[in-house]
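Contents: one structure, followed by commentary.
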Amino acid sequence: MTLDNSASTSTTSSWWLAPWRFVRQEILPVLTDLRLAIALLLIIALFSVSGTVIEQDQSASFYRTNYPEHPALFGFLTWKVILTVGLNRVYHTWWFNALLILFGSSLTACTFTRQLPALKAAQRWKYYEEPRQFQKLALSAELDTASLDSLAPLLQNRRYKIFQDKDNILYARKGIIGRIGPIIVHIGIVMILVGGIWGSMTGFTAQEKIPSGDRFQVENILNAGPWSNTKHLKDWSVRVNRFWIEYTPTGSIDQFYSDMSVLDNDGKEVDRKTIFVNQPLRYRGVTFYQADWGISGVRFQFNNSPVFQLPMAALNTSPQQGRMWGTWIPTKPDLSEGVSLIAKDLQGMMLIYDSKGQLITTVRSGMAADVNGTKLKILEVIGSTGLQIKSDPGIPIVYAGFAILMAGVVMSYFSHSQIWALQKGDRLYVGGKTNRAQVAFEKEVLEILNGLNSQSTVAVS
């Protein structure tokens, strides 16, 4: 009894090749379709815009207030839609990352199936050995007296790379870098996509509002990727040495600053910087942005009493009134009487109201007022700094991708020019083509022909 080993081997080989055949025949044509790439790019751009317009990483109550069901924004955009779809955290949703992966796969497939073969084809050359072949070129000429030997130096002076196996035929090209440019562009875009995905998977976003003089560790994390590493945040802390605001002569805010120190677990300062808008503090991959400010408390005393400090809370005011903070200060030890103190900023006037809501007087920091039979002196209004804290390990990859993308765009502007020449007896046939800058190429070829022999009779087709 004999076994047909060839049939068994053929069956096994077919089984292994079947998946690849399916990918090549069914998947790759779809991935490399230009229409798919354009559609994905537009969808990604659309959701990126929505992530910019719709506030990200806010509380559910924020979206309920700003995106009610009646009336719905644009007739459909409500807080339920935003929270269900994930428009409140677009860049961290699975479907947005899936779009990025699909777009990157399309570019990668296009690179391997189209751009690399085009580059290989551009690196190969063939000679034209018959005059009729020159008639297919967009630009061709026939010279009566010029020779092939005099053409080569002219091409070399114009940085053409010359290939010549026989005495009567020649091929020259330059600008092959222009064929590499699109591949570099694709690599840059894919790196940007990889950086974005890596950042969403490994980064985190946090917010803290810290009173001036307090020390804190990053704990209020709003959003973190599944692979984010926050353990190292316990190894150090940050102290807000001082927070202050600079005002314009008209009383509006010019800039607000936070003098911040990074401390190790022993309390030793390892870094320090004064941050303001667009000038953050960076430490161990974590960036602290100056994003907001507030009033955290007030320091005061009665007559010659010790100094007291009470917290101040943000009041629920209308947008026309602006932001305000308030607290209640007891004026008797048994807390039976007291006054309300309201402040709008760190330098402005503070309002004091009695228990009936009547305005008693106004004061500024360092001033005293008589209230309920005692002298109340406001020593200081304590500001708090609002910090937006981010860690995005994908940023270096994104920046590198942008640099590669820009380099690829510049490389793509180089024209890939080709010139063929054939010597047949006393006649020289010259022709060429280029993939862009056609007018400039025609001018260059004419200059080369004129340089061959200014007295030649040239018939240009």
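The values are calculated or read from the model by the stated rules, or taken from the named source; none is laboratory data. Just so it is clear, the structure is predicted and the values come from calculations on it, not from any experiment. Cβ sites come from the backbone with ideal geometry, for glycine too, and all protein chains shown count toward neighbours.
Determine whether LEU148 is closer than 30 Å to LEU387 by Cα and either among the aliphatic types (A, V, I, L, M) or free of Cβ contacts under 8 Å to residues at least 60 places away in the same chain (or both).
It is false that LEU148 is closer than 30 Å to LEU387 by Cα and either among the aliphatic types (A, V, I, L, M) or free of Cβ contacts under 8 Å to residues at least 60 places away in the same chain (or both).
Determine which single condition TYR67 fails, assuming it passes every other condition in (1) closer than 27 Å to THR202 by Cα; (2) surrounded by 13 or more Cβ atoms within 10 Å (Cβ to Cβ); (3) not acidic (Asp, Glu).
Tallying (1) closer than 27 Å to THR202 by Cα; (2) surrounded by 13 or more Cβ atoms within 10 Å (Cβ to Cβ); (3) not acidic (Asp, Glu), TYR67 fails exactly one: (1).
Please determine whether any residue of segment 417-427 is basic (Lys, Arg), surrounded by fewer than 17 Cβ atoms within 10 Å (Cβ to Cβ) and closer than 17 Å to LEU310 by Cβ.
no
If you scan segment 158-184, which residues turn out to be in contact with a Lys or Arg (Cβ under 8 Å, 6 or more places away or on another chain) and among the small types (Gly, Ala, Ser)?
Across segment 158-184, the qualifying residues are ALA172, GLY178.
Across segment 214-236, what is the number of residues that are assigned to a strand (DSSP E or B) and charged (D, E, K, R)?
1
If we scan segment 328-339, do we find a residue that is within 44 Å of the chain's Cα centre (by Cα), assigned by TED's automatic domain parsing to the domain that holds LEU376 and among the β-branched types (Val, Ile, Thr)?
no
Pull up segment 1-44, narrow it to residues that are modelled with pLDDT of 85 or more and charged (D, E, K, R), then point me to the one that is surrounded by the fewest Cβ atoms within 10 Å (Cβ to Cβ).
ARG35
Which residues, taken from segment 237-275, are outside any strand (DSSP E or B) and either buried (at least 18 other Cβ atoms within 10 Å of the Cβ) or within 27 Å of the chain's Cα centre (by Cα) (or both)?
none
Those residues that are more than 27 Å from TYR247 (Cα to Cα) and of a type in the set (Lys, Arg), I need them from segment 295-353; list them, please.
Selection gives LYS332 alone.
Do you know which residues across segment 134-149 are within 14 Å of TRP420 (Cα to Cα) and either surrounded by fewer than 18 Cβ atoms within 10 Å (Cβ to Cβ) or not charged (D, E, K, R) (or both)?
Passing the criteria: PHE134, GLN135, LYS136, LEU137, ALA138, LEU139, SER140, ALA141, LEU143, SER147, LEU148, ASP149.
Just give me the residues in segment 241-289 being hydroxyl-bearing (Ser, Thr, Tyr) and touching a Ser or Thr at 6+ places or on another chain (Cβ under 6 Å), in sequence order.
Those that are hydroxyl-bearing (Ser, Thr, Tyr) and touching a Ser or Thr at 6+ places or on another chain (Cβ under 6 Å): TYR257, SER258.
Mind checking whether some residue in segment 375-384 is touching a strand residue (DSSP E or B) at 6+ places or on another chain (Cβ under 6 Å) and closer than 30 Å to ALA122 by Cα?
There is no residue in segment 375-384 that is touching a strand residue (DSSP E or B) at 6+ places or on another chain (Cβ under 6 Å) and closer than 30 Å to ALA122 by Cα.
Tell me the residue from PRO393, PRO333 that is more than 20 Å from PHE308 (Cβ to Cβ) and not polar (S, T, N, Q), please.
Criteria check complete, one pass: PRO393.
Please count how many residues of segment 208-235 are crowded, with 18+ Cβ neighbours inside 10 Å and either outside the structural domain of GLN309 (by TED's automatic domain parsing) or within 20 Å of ARG272 (Cα to Cα) (or both).
Residues that pass the stated criteria total 6.
Answer yes or no: is there a residue in segment 183-204 that is part of a strand (DSSP E or B) and within 27 Å of the chain's Cα centre (by Cα).
Yes - at least one qualifying residue is present in segment 183-204.
This table checks each residue for (1) more than 44 Å from the chain's Cα centre (by Cα); (2) surrounded by 12 or more Cβ atoms within 10 Å (Cβ to Cβ).
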site	(1), (2)
VAL85	no, yes
LEU100	no, yes
THR111	no, yes
GLN115	no, yes
TYR128	yes, yes
ARG132	yes, no
ILE162	no, yes
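For HIS92, are the conditions met, namely being touching a strand residue (DSSP E or B) at 6+ places or on another chain (Cβ under 9 Å) and not hydroxyl-bearing (Ser, Thr, Tyr)?
Spelling it out, HIS92 is indeed touching a strand residue (DSSP E or B) at 6+ places or on another chain (Cβ under 9 Å) and not hydroxyl-bearing (Ser, Thr, Tyr).
Give me the residue from segment 431-445 that is among the basic types (Lys, Arg) and not in a helix (DSSP H, G or I) and, out of that set, nearest to ALA122 (Cα to Cα).
So, considering only residues that are among the basic types (Lys, Arg) and not in a helix (DSSP H, G or I), the one nearest to ALA122 (Cα to Cα) is LYS433.
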